[in-house]
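Heads up, the thing below is written out as structure tokens.
Nothing in this text is a laboratory measurement; each read-out follows from the coordinates by a stated rule. Because the structure is predicted, anything quoted here is derived from the model rather than measured. Because the Cβ atoms are built from the backbone with ideal geometry, glycine has one as well, and the counts that use them run over all protein chains shown.
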Amino acid sequence: MATSSRQERVAEAIAHEVGALLVRGLKDPRIGLVTVTGAKVSPDLREAWVYYAVHGDARVRQDTAVGLDAAKGFIRHELGRAVRLRVTPDLHFVVDESIDRGDRIDQLLRQVHQQDAQQRASPEAPEAVQADQTDETDEG
């Protein structure tokens, strides 16, 4: 199902406003360092899913989820002031794990590069080099 440009504009405005609100800070100590990564809205603009990433360990992520859920009404109220819509959408906060996946991929790539550099730096055994050469001549 294709999204309309109005849906995209409203989602972008919601992401921007919720992100700005979180930067200004909420008084809930459970909410850690949060980055709003995006938002999606339903076709009737009555529901919005706000995607966020939390920087920290699993406990910080869990506490932040509980804190955001508790602050949902306040955030919705402030969002209604900032974004003029007939109906302020109900908010659903969703953890965006793409940053964690990207970090994991980056970590794996660094490991592969380190292992590759170690293999190039260590002298190979003469038998292994000779076996590789005979395999290449058999294939070609």
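Results, tabulated for the structure shown:
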{"read-out": "The chain, helix-only ellipticity at 222 nm - DSSP H runs n ≥ 4, -39,500 (n - 2.57), divided by all residues, nearest 500", "value": "-19500 deg cm²/dmol"}
{"read-out": "Simple spin-label estimate for residue 20 and residue 72 in nanometres, 7 Å along Cα-Cβ", "value": "2.4 nm"}
{"read-out": "Spin-label pair residue 120/residue 42, simplified geometry with 7 Å Cα→Cβ offset, distance in nm", "value": "5.5 nm"}
{"read-out": "Spin-label pair residue 83/residue 6, simplified geometry with 7 Å Cα→Cβ offset, distance in nm", "value": "1.4 nm"}
{"read-out": "Mean-position separation - Cα centroids, segment 1-64 and segment 95-125, in angstrom", "value": "31 Å"}
{"read-out": "Protection proxy ranking of 112-122, 20-30 - average other beta-carbon atoms within 10 Å, highest first", "value": "20-30, 112-122"}
